[in-house]
Structures are given as C-alpha cells and as structure tokens.
Amino acid sequence: MSEDYGQELAVVIVTYSPGETLDRCLDTLTKATTRPYRVVLADNGSDDGAPEKAAAARDNVTLLPTGGNLGYGTAANRGVATLGQEYGWIVVANPDLEFGDGSLDTLLAAADRWPRGGSFGPLIRQPTGEIYPSARMVPSIGKGVGHAVAGRFWPSNPWTKAYKQVDTVVEREAGWLSGSCLLMRREAFDSVDGFDPRYFMYFEDVDLGDRLGKAGWQNVYVPAAEVVHIQGHSTARVSDKMLAVHHDSAYRFIADRHQGLWWAPVRAGVKAGLALRLKAETRKKS
C-alpha cells in the first residue's frame, strides 16, 4: 500500500430505513475483526430512526445524513470522503448483512497474498444457506444477452453459468464482486474515484469492478470469509421501481462501453430488449 495511506479500518454502511437489520449487522461486525474500526452510516433519508439510534448507542458509529436518497454508490462515496488518509482499508456494506466471525480479518489476510488486489469479497450466503454467486465475470454483449433472455426460464443455460461462475468457489480473481460487502484498498478506490454516481442502484459494483480491473487492480473472491445477506429489505416496498432502475443501470453499463456510431444499432437493440424484459417481469408480478 502507498505510504500516503495508513492501515486503519473503516466500515461505510449505506442505510435507507434499515429497521432492526442494522443492529444485527453492527452486532455481528464486532466479531468480524480483532482490529479497531470506525463505522460511518451514510444515510439516504431513513424515516425509521434506526440509524440515529445506532449512532447514539455506539461510540465508534457516526451518522452521516446525505441529504436525500442519493443511491447506493453516491452515499458510499460520501461516507468514504469523510475519512482521513489514515484509513487505508474501507469496507462498504449493506445494513441487512450479518458478518461471519473473523470474516474481515480473513479478507485482510488475503490482501497480503494479493498485493494488486483492489477489492476483496467474501462468500455470501442467503438466509436459506444457499451460496449467492457474488464473484462474476464482467458481462459482455453475448453473455449478458444470453443470461438476460434465458436466465429466468433456463437457469442452467451456458451463458448464465459462465457469467455467474457458480462452480468456482475458490479464492480467485473475478471480474467484479457484489457491492453488498466489499473490502477495498483505499488507494485502489481513490484511483478510480470510487463508485460512478450516475448509477443510482444496481450495476454500480459491476462498473466499479470493471474500472478497477482496467486500472490494473484485481477483484479477489475470498470464500474463506463468509457473510449472510438478507437481500432486499429496504427496496421491497418499491420493488417495481427498483426493477426499472435495474434495467436502466444495465443499459447504462453496456452503452458506456459501446460508444460511437458503429455500436449504435447494438445499443438500440439492447435498449429494446431490456424494455421488453422489464415489461415481461412487471407483468409477471402483477
């Protein structure tokens, strides 16, 4: 790590009316590392009082109101920006996350083995115990379209299988790692200016992983570290809206990487395909 950065650890948790999940997250965090750490709650306008209560009850927790619902990546950036250069290790996490014992220490130990590692992600389990495929390839046009079209009715299709990397639960380099729990080398995070604020939610982690890779950093999957993610607590009440946001973010990611007149027909095709998929998904839910 550059001498410009220290070795201290901070955890930035993005909150949006997290309810009781936040206390559970903070409780499990105490057993995730033996190192001292600071927590910043980057709050996107919670109305349930949970972030305020957590900050008042815990000495190492600071509340940072962002001023509104700015999205996941922008809030995370705001949280990191409050930290001095002594914080050379940053964890960005969702509040509906339960850290496994020693999970952050395991990720930090892996960082010693991967000196060009910019981000490190644990194995993520769903509440059922099933492993969530959190270390994936960067989506290409071919694999992305194949996964988007066939993934719902043919889960074992070759495009989805290749994209999700479901059969490679070993420590390895990945194209990108789930943003629900990321340990990042501050030097790497700063070198790419953090998350792209244009992504309100979804694909901000895909974009970050891709940009880190292009900047010469590695995204490292460390399944020896485990967490549990109770996905969707804060977005369940606006799920239709979030579905539309997901498709908008997917298009932005593809369009950003296929610019110019040559790619115009491809961008148009992807946009139309995503619109049809969104319509089908919305109809399925109604």
So residue 111 passes all but one of these: (1) touching a residue at least 60 places away in the same chain (Cβ under 8 Å); (2) not assigned by TED's automatic domain parsing to the domain that holds residue 198. Which condition number does it fail?
(2)
Checked against (1) touching a Gly at 6+ places or on another chain (Cβ under 8 Å); (2) over 20 Å from residue 230 (Cα atoms); (3) outside any strand (DSSP E or B); (4) without any contact (Cβ under 8 Å) to a residue 60 or more places away in the chain, residue 6 satisfies every condition except (4)
Give 63, 83 a once-over and let me know the one that is touching an Asp or Glu at 6+ places or on another chain (Cβ under 7 Å), farther than 24 Å from residue 225 by Cα, surrounded by fewer than 21 Cβ atoms within 10 Å (Cβ to Cβ) and in the same structural domain as residue 134 (by TED's automatic domain parsing).
63
Exception for residue 192 within (1) more than 26 Å from residue 228 (Cβ to Cβ); (2) modelled with pLDDT under 65; (3) in contact with a helix residue (DSSP H, G or I) (Cβ under 8 Å, 6 or more places away or on another chain) falls at (2)
Determine if the stretch 12-35 includes at least one residue that is in the same structural domain as residue 185 (by TED's automatic domain parsing), at positive phi and surrounded by 14 or more Cβ atoms within 10 Å (Cβ to Cβ).
yes
Of the numbered conditions (1) polar (S, T, N, Q); (2) under 18 Å from the mean Cα position of the chain (by Cα); (3) modelled with pLDDT under 70, residue 218 fails exactly one; give the number of that condition.
(3)
Within the set of pairs 6+ apart or on separate chains, which have a first residue in the stretch 44-66 that is basic (Lys, Arg), a second that is crowded, with 16+ Cβ neighbours inside 10 Å and assigned to a strand (DSSP E or B), and C-beta atoms under 9 Å apart?
58/39
List the number of the failed condition for residue 248; all other conditions in (1) modelled with pLDDT under 70; (2) surrounded by 15 or more Cβ atoms within 10 Å (Cβ to Cβ) hold.
(1)
List the number of the failed condition for residue 101; all other conditions in (1) within 21 Å of residue 205 (Cα to Cα); (2) surrounded by fewer than 16 Cβ atoms within 10 Å (Cβ to Cβ) hold.
(1)
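The values are calculated or read from the model by the stated rules, or taken from the named source; none is laboratory data. This structure is a prediction, so every number in the text was calculated from the model and none was measured. Note: ideal-geometry Cβ built from the backbone for every residue, glycine included; neighbour counts use all protein chains shown.
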